[in-house]
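Quick notes on the structure that follows.
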């Protein structure tokens with residue numbers, strides 16, 4: 001992602017003829033911002049995963065099937081197509097549901113000061 005942004009910015013600079021220190025500085029700034037955001041996202045994901053494990057949050061087969069049905073309805077398709085996209089055991093969808101369920105639990109038990 002960082003490399004792609006770098007290439008896009010260099011290409012844009014070539015098109016506009018703005019190859020100078022400022023373009024290089026913009027590229028470096030953007031790369032630093034993306035790296036900071038990536039680190040932040042990884043930390044958040046690790047925290048959510050730790051809470052999920054500590055609280056023993058799980059997704060039942062019924063919850064998974066229900067979400068697959070709801071998704072199929074929203075996408076105007078069939079559950080079979082959803083399973084084809086995600087794979088028969090729906091692991092990606094299960095992970096998404098775990099994250100959402102964990103965040104809901106955090107919000108439910110949060111004390112706002």
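Restrict the check to the range 63-82 and report whether at least one residue is closer than 25 Å to residue 44 by Cβ and part of a loop (DSSP other than H, G, I, E, B). Checking the range 63-82: not a single residue is closer than 25 Å to residue 44 by Cβ and part of a loop (DSSP other than H, G, I, E, B). Please verify whether the range 5-18 includes one or more residues that are at pLDDT below 90, in a helix (DSSP H, G or I) and under 22 Å from the mean Cα position of the chain (by Cα). Yes: the range 5-18 contains one or more residues that are at pLDDT below 90, in a helix (DSSP H, G or I) and under 22 Å from the mean Cα position of the chain (by Cα). Taking each residue of the range 26-39 that is closer than 16 Å to residue 7 by Cα and looking for partners that are modelled with pLDDT under 80 and assigned to a helix (DSSP H, G or I) with beta-carbon atoms closer than 6 Å, six or more apart or interchain, yields 27/6; 27/9; 30/5; 31/2; 34/2.
The values are calculated or read from the model by the stated rules, or taken from the named source; none is laboratory data. Worth saying up front: this structure is predicted, and the values here are computed from it rather than measured. No Cβ is skipped: glycine too gets one built from the backbone with ideal geometry, and neighbour counts run over all protein chains shown.
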